[in-house]
1. Hey, what number do you get for the chain at 222 nm if only DSSP H runs of n ≥ 4 count, each worth -39500 (n - 2.57), divided across all residues, to the nearest 500?
2. Calculate the spin-label point distance for HIS341 paired with ASP174, positioning each point 7 Å from the Cα along the beta-carbon direction, and give it in nanometres.
3. At 1.4 Å probe size, with the rest of the protein present, what percent of the exposed accessible area of region 163-242 is carbon and sulfur atoms?
4. Of the listed peptides 113-123, 172-182, what is their order by residue-averaged count of other C-beta atoms within 10 Å, with the highest listed first?
5. Once the dipole of the chain is set up with Lys and Arg at +1 and Asp and Glu at -1 on Cβ about the Cα centre, which of LEU226, LEU364, SER72 lies farthest towards its positive end?
6. Which net charge results when you count Lys and Arg as +1 and Asp and Glu as -1 among the other residues whose beta-carbon is under 10 Å from that of ASP96?
7. Structure shown: which of LYS95/LYS312; LYS123/LYS169; LYS101/LYS177 lie over 20 Å apart, alpha-carbon to alpha-carbon?
8. Do you know the relative contact order of the chain, to the nearest whole percent, from alpha carbon pairs under 8 angstrom that are 6+ apart?
Amino acid sequence: MPKDFDHIVIGAGISGLGAAHFSTRRGLKTLILEASERIGGCINSQRFEALGGYWTEGGGHTCFNSYGNMLSILDDLGLTAQVQPKVKVGYSLWKDGKRRKVTSQLHFFEAARSIPRIFKAPKVGRSVRDYYGEVLGQRNYQDLLQHAFQAVICQPADDYPAEALFRRKPRRKDVIKAFTFAEGISTIPAAIAAQEGLEVRTGQQVAEIQRQDAAFSVRLQDGSALTAGALTLAVPPDVATQLMPAGFEAARDAISGIGMAEIETLVLAFDKSALTLPPMAGLIAVEDAFYSAVSRDFLPDARYRGFAFHFKPNALAPEAQVERACAILGTSPDRVAAQAHVANRLPALRSGHGERVAKLDTALAGTRLGVTGNWFFGVSMEDALTRSRSESDRVFGQ
Ligand SMILES: Cc1cc2nc3c(=O)[nH]c(=O)nc-3n(C[C@H](O)[C@H](O)[C@H](O)COP(=O)(O)OP(=O)(O)OC[C@H]3O[C@@H](n4cnc5c(N)ncnc54)[C@H](O)[C@@H]3O)c2cc1C
């Protein structure tokens, strides 16, 4: 039976776009199906057309020169020369209704006493609280690190696996350490999707997948179906569990029950005259309704400033979020030039995650079903692409 495509990828976040990029470069006829009307998933440079296209990141905001797989894609697409350096501005803490220096919550003596343990403290299999409490001290963990880490992963950090938080990767010396693009990180998804030989269909929610002999059949919510010789799931773990086709029960069992953190992101843009706040990278919240706020001050604009506040789920109603964010920024809701509410989701990994992934990989071995996402090595864009690359090599050969 002729198939519609060589490879169908489900999900057009960076994991799925990476998976599709790698197979397109192998000369395979590749299709991405994306449920929402927008590609990029957690990468979302929120553009405000009414403000002349001014944008602020509603999700992922920084790439680093240690992102080797990302940089290889940028090289393929001729984008590496277009990266923009980020202006160095610092994060502050937001504690008890005031902006404070990050170091105000650091206990120097405790840190100095604990840090030598970093050389022998085991990281694998331990929670963030256990590991960082040991290597930087319990008080440092309680007063500073737990808030900084939850600001990064936008969820409580205590029980998150320590090895999934930061991973050392080699740096590429010919590229700026931390970078973005003139139009934001969404430049990357847009360029991957626009390349020749790769088709992307948005507004296509996949409802079911079946394995039929040597092919996969994908049924969409409108009832139509498409076939491919290979298929990659690049969706969050709860969706991957639900879409896992019959015949892959061991794979489904391995990943069922992986939690997801819901994040209510509020993106605000202001005319510069509305704010007196000095330029800053963002805020790390200590016991508040939001985890963190990230500003656009790393790439200053002549007229506007922008901020994304990442709120805890169900903590505040949308209007109350705007009021709270404005109060923190020292301004009022009537000075907001443009706003957007964005739903972000990130995996809530727990200890034992490595064993789940090992079971999944055993169940997938020898099949033409790939599973990728930001829930394998860690949550960064590069972690996601590392998995997409290794799944591409497994399914299609090195
Ligand atoms: C606020 C925030 C800030 C971050 N900052 C950084 C940063 O600075 N640097 C960094 O490296 N990383 C950062 N990250 C992490 C990184 O952006 C994400 O982990 C990564 O982009 C996730 O990509 P993904 O493709 O795995 O998942 P997603 O982006 O979640 O993509 C999954 C896609 O699947 C689609 N989908 C779901 N169900 C279906 C279905 N049934 N059918 C079809 N499609 C479906 C979804 O609509 C979505 O587009 C940040 C994340 C957040 C939320």
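The values are calculated or read from the model by the stated rules, or taken from the named source; none is laboratory data. All values reported here derive from a predicted model rather than from experimental measurement. Here the Cβ is made from the backbone with ideal geometry for all residues, glycine too, and neighbour counts use every protein chain on show. Side chains are part of the model used for accessible areas, which takes the heavy atoms of the whole protein and leaves out ligands, DNA and RNA. Shrake-Rupley method; radii C 1.70, N 1.55, O 1.52, S 1.80 Å.
1. -8000 deg cm²/dmol
2. Taking the simple label geometry, ASP174 and HIS341 are separated by 4.7 nm.
3. 47
4. 172-182, 113-123
5. Of the candidates, SER72 comes out farthest on the positive side.
6. In short, +1.
7. The answer is LYS101/LYS177.
8. 25
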